[in-house]
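Data block below; observations after.
The values are calculated or read from the model by the stated rules, or taken from the named source; none is laboratory data. Computed from a prediction, not measured in an experiment: that's the story for all the values here. Ideal geometry is used to build each Cβ from the backbone, glycine not excepted, and the neighbour counts take in all protein chains shown.
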Amino acid sequence: MKSPMYSTFATQYDEAVQDNIYNAHLERPTLQAMLPNIENLNVLDLGCGSGVYAQYLLAQGANQITCIDYAQEMVDIVLSKMNQHKDRVTAYAQDLNQGLPSELDGQYDLVISPLMVHYLKDLNPLFGDVQRVLKTGGSFVFSTHHPFADFECSTSGNYFERELVQEEWNTIGEPVEVKFYRRSLSEITNAITQNNMVITELLEGKVDEEVKLLDHERYDYLSKNPNFIFIKCQKLG
């Protein structure tokens, strides 16, 4: 689902997420701690954004990295950043609601998806293809909005009903409209298990202590309320 946040304001977004509270001090530390040893792995980065994770994966010694994002503007930033690593990093734009039609079976050791799957109406096409492109025993690690936190956005009052939510986020320093889907934890976990993967770890994240100095009020809130959920899955044999 395209938002001007990731197209019109792609450059501003890239600058913002380098050191902001939600991405740099909550999401990335939690998800990165869940990853296996990256050295020599073939990794697929879904919803790659401006390439922050691709840079991390390179630094950790990944063998090959494929980056996919809905927004061509984000892909262009990734390609620009990775110009010296063309032999190890590829990137292209595609709507991940369609799954992974361009990717071959069993080619990845690890698939990651940081804060992207809430933009998908139906998780099954992508999750089915994630299972397909993973090697047996390979891992899928993703983060998304916490269902409990998103329920505050519900207009139906029915936790179990999937809903399209429209909000304005101030990520880049000015309000930008963003649309995403809120869904139950059951819907998320069913998409995993119905596609022949098992959950091996589930976390709700912990905000960095540094945030106390950046925004004490925000730190107090995030240390007491769930915002994201982090799930690690494994492909069954």
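Observations on the structure shown:
Results for (1) free of Cβ contacts under 8 Å to residues at least 40 places away in the same chain; (2) within 21 Å of residue 15 (Cα to Cα); (3) assigned to a loop (DSSP other than H, G, I, E, B), shown as yes or no for each residue.
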position	(1), (2), (3)
142	no, no, no
149	no, no, no
155	yes, no, yes
158	yes, no, yes
161	yes, no, yes
174	yes, yes, yes
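- Total residues in segment 114-149 satisfying the condition of being more than 15 Å from residue 97 (Cβ to Cβ), more than 16 Å from the chain's Cα centre (by Cα) and not hydroxyl-bearing (Ser, Thr, Tyr): the figure is 9.
- No other residue among 109, 105, 129 is in a strand (DSSP E or B), under 19 Å from residue 43 (Cα atoms) and of a type in the set (D, E, K, R) apart from 109.
- Of the helices (runs of 4 or more DSSP H) lying entirely inside segment 182-237, the ones with 1 or more residues being over 22 Å from the mean Cα position of the chain (by Cα) are found at 211-214, 216-222.
- For segment 162-186, a tally of residues being surrounded by 13 or more Cβ atoms within 10 Å (Cβ to Cβ) and either within 29 Å of residue 7 (Cα to Cα) or modelled with pLDDT under 95 (or both) returns 14.
- Condition met for residue 62 (assigned to a loop (DSSP other than H, G, I, E, B), closer than 19 Å to residue 133 by Cβ, touching a strand residue (DSSP E or B) at 6+ places or on another chain (Cβ under 6 Å) and of a type in the set (Gly, Ala, Ser)): yes
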